Amino acid sequence: MKKAEHYQAVKKYKIFDAYIKHFGEISIDNDIPAMLSFFFLQGQLAVPYVRIPWGASHLDPRVHCFWIQSSRTGKSIAWEYVGNIAKDANIPTTLYTTGTDAGLIGSFHTEKDADGNDVYIQQEGLLNGRKGLNFDEGSILLNPNRHSQETVLYLQSACNPVGSTNNVLVMHQRGGTLETESLVSLWITTYPPKGVKDYVLTRGIFQRVLLYWSHWSNDRRENVSQIRAKSAFKKQVKHKITYDDVVKHFTDLDKRLKNKILEVTETSLLEWDSMLRKEQEELLQDTMTEVFSADEHTFYPALSAAIEDYYELMNGLGPGISEIVASFIPAMENYTVIFSTHLAMLEGVWTVTGDHVDMGKEILFDLFRNLIQWLEGEVEIGPKVAERATQRNKWIVSFNACESFEIKHKGDGWRSKAEMLKVYEAQTGITRQTAYSHYDKWAAKMFDKTKDGTKVYIRLKEEIKNGNQ
């Protein structure tokens, strides 16, 4: 994916850009998760007020994120920034590390009444009500223990639109039946799991979240280390748009959305706050067409074009991988409408236009393409032996196309790694990021590596060279 600063939404909305820059001072080189965390927070802020009509059903503004990346690359520390923004903007959050399904849904415990009899008292679980829920190590969702066998199923239900019957989580326990309405937004991080094919095929949570995978090579790690080193003994750089300005965006949006709801429902603040959740939900759904609306002339053509673009990404995929990828498209369609509504919120308008759709689609299209590239590399469909041989030949051809150098005390036959990657990109028609990913997966073990100054050179290992003479 390209850098966040190159997306039109980031260029257009200065507060969005500022949020990402502040995030980047805490979690370096993670600007795509920074973008997603903005929508995660804004969606949780908006969920008490916004429903998006869609025919006989509706969507809500929540954005759920699943971030897969190597350990020690800034995933956990990112929550330090996200959580602080949430706290200062009065967006409720909590952390889930481990526990039972009862901890998520709730449970009953007994207490003595005035007559000394046992009575069952309901205790709410983490999925109950409104909050941003941070799963700091999402691997527990991929490998639930015997105490949390239904965890993923409950999270899937929690992602269903708020106000729908599918969003109510039910658990039968001694003491009664627990029914939990969930307004949570999920922020899940984990290291790259093994056997990802099984997870994607059998865990429906993947099709309900925005799944972002990022590969971290040693070069990328070293680059971040060098950036961190430059900040030693220095104070944090001041930005024109401050941290407090970012917080103010969220608090101002909360007021604006609440005032809009009070206006369209013709209720006072006191009346609204004294209502039961069920009563509020009924009003939200009765008036949802009066909050945000679509520009008839631009919204629908842009949404149709976005859907076409998503399906074009499936061109050329094999039948096995194609079926897996197709299962993600309904979520991409939903999130396109949700993101476009978020961008209208960011702009401070109540009409969602084709421009909002285009800016949201630009981000989601790259996320979807990134997902496909990851699945193509990880999901084992088709013969891997032939693929390894094909990849090896491509790298040898790219290597041989580069100028050969002799390096003092290290002999001849060296090629510039950067130059070889450029040749490989041109040969295969892929991006630089994907080329680095392919190199680490297929080619790194084929080459010896050295440096001359700051420039990296590589040379075919003897066993590879001899095997192809």
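The table below gives the values:
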item	result
Matching residues, the range 396-441, being closer than 23 Å to P192 by Cβ, aliphatic (A, V, I, L, M) and either modelled with pLDDT under 90 or not in a helix (DSSP H, G or I) (or both)	I430, A435
Test: T336 is out of contact with any strand residue (DSSP E or B) (no Cβ under 9 Å at 6 or more places or on another chain), surrounded by 13 or more Cβ atoms within 10 Å (Cβ to Cβ), closer than 25 Å to M359 by Cβ and among the polar types (S, T, N, Q)	yes
Residue tally, condition under 23 Å from W272 (Cα atoms), of a type in the set (S, T, N, Q) and out of contact with any strand residue (DSSP E or B) (no Cβ under 7 Å at 6 or more places or on another chain), over the range 1-60	1
Residue match in the range 200-211 (condition: over 29 Å from N84 (Cα atoms), assigned to a helix (DSSP H, G or I), without any contact (Cβ under 8 Å) to a residue 12 or more places away in the chain and out of contact with any Asp or Glu (no Cβ under 9 Å at 6 or more places or on another chain))	yes
Meets criteria (crowded, with 19+ Cβ neighbours inside 10 Å, closer than 30 Å to V291 by Cβ and at pLDDT 80 or above) for I85	yes
Those residues of the range 20-69 which are assigned to a helix (DSSP H, G or I), touching a Pro at 6+ places or on another chain (Cβ under 7 Å) and of a type in the set (A, V, I, L, M), in sequence order	A46
Of all residues making up the range 431-447, the number that are among the basic types (K, R) and touching a residue at least 24 places away in the same chain (Cβ under 8 Å)	1
Cβ pairs under 6 Å, 6+ apart, first in the range 402-417 and closer than 19 Å to Y436 by Cβ, second of a type in the set (D, E)	C402/E419
Yes/no for L141 being among the aliphatic types (A, V, I, L, M) and either more than 14 Å from L186 (Cβ to Cβ) or modelled with pLDDT of 75 or more (or both)	no
Test: residue in the range 20-31 that is closer than 16 Å to H342 by Cα and in contact (Cβ under 8 Å) with a residue 24 or more places away in the chain	no
Selection status of E150, in the same structural domain as R62 (by TED's automatic domain parsing), touching an Asp or Glu at 6+ places or on another chain (Cβ under 9 Å), acidic (D, E) and at pLDDT 80 or above	no
Meets criteria (surrounded by 10 or more Cβ atoms within 10 Å (Cβ to Cβ) and aromatic (F, W, Y)) for F233	no
Looking only at the range 189-207, and only at residues there that are of a type in the set (S, T, N, Q) and closer than 15 Å to A326 by Cα, the one that is modelled with the lowest pLDDT	T202
Condition met for L169 (modelled with pLDDT under 85, assigned by TED's automatic domain parsing to the domain that holds L126 and of a type outside the set (F, W, Y))	yes
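The values are calculated or read from the model by the stated rules, or taken from the named source; none is laboratory data. It should be emphasised that the depicted structure is a prediction, and the values quoted were computed from it without experimental measurement. For neighbour counting, all protein chains shown are included, and Cβ atoms are generated from backbone atoms with ideal geometry for every residue, glycine included.
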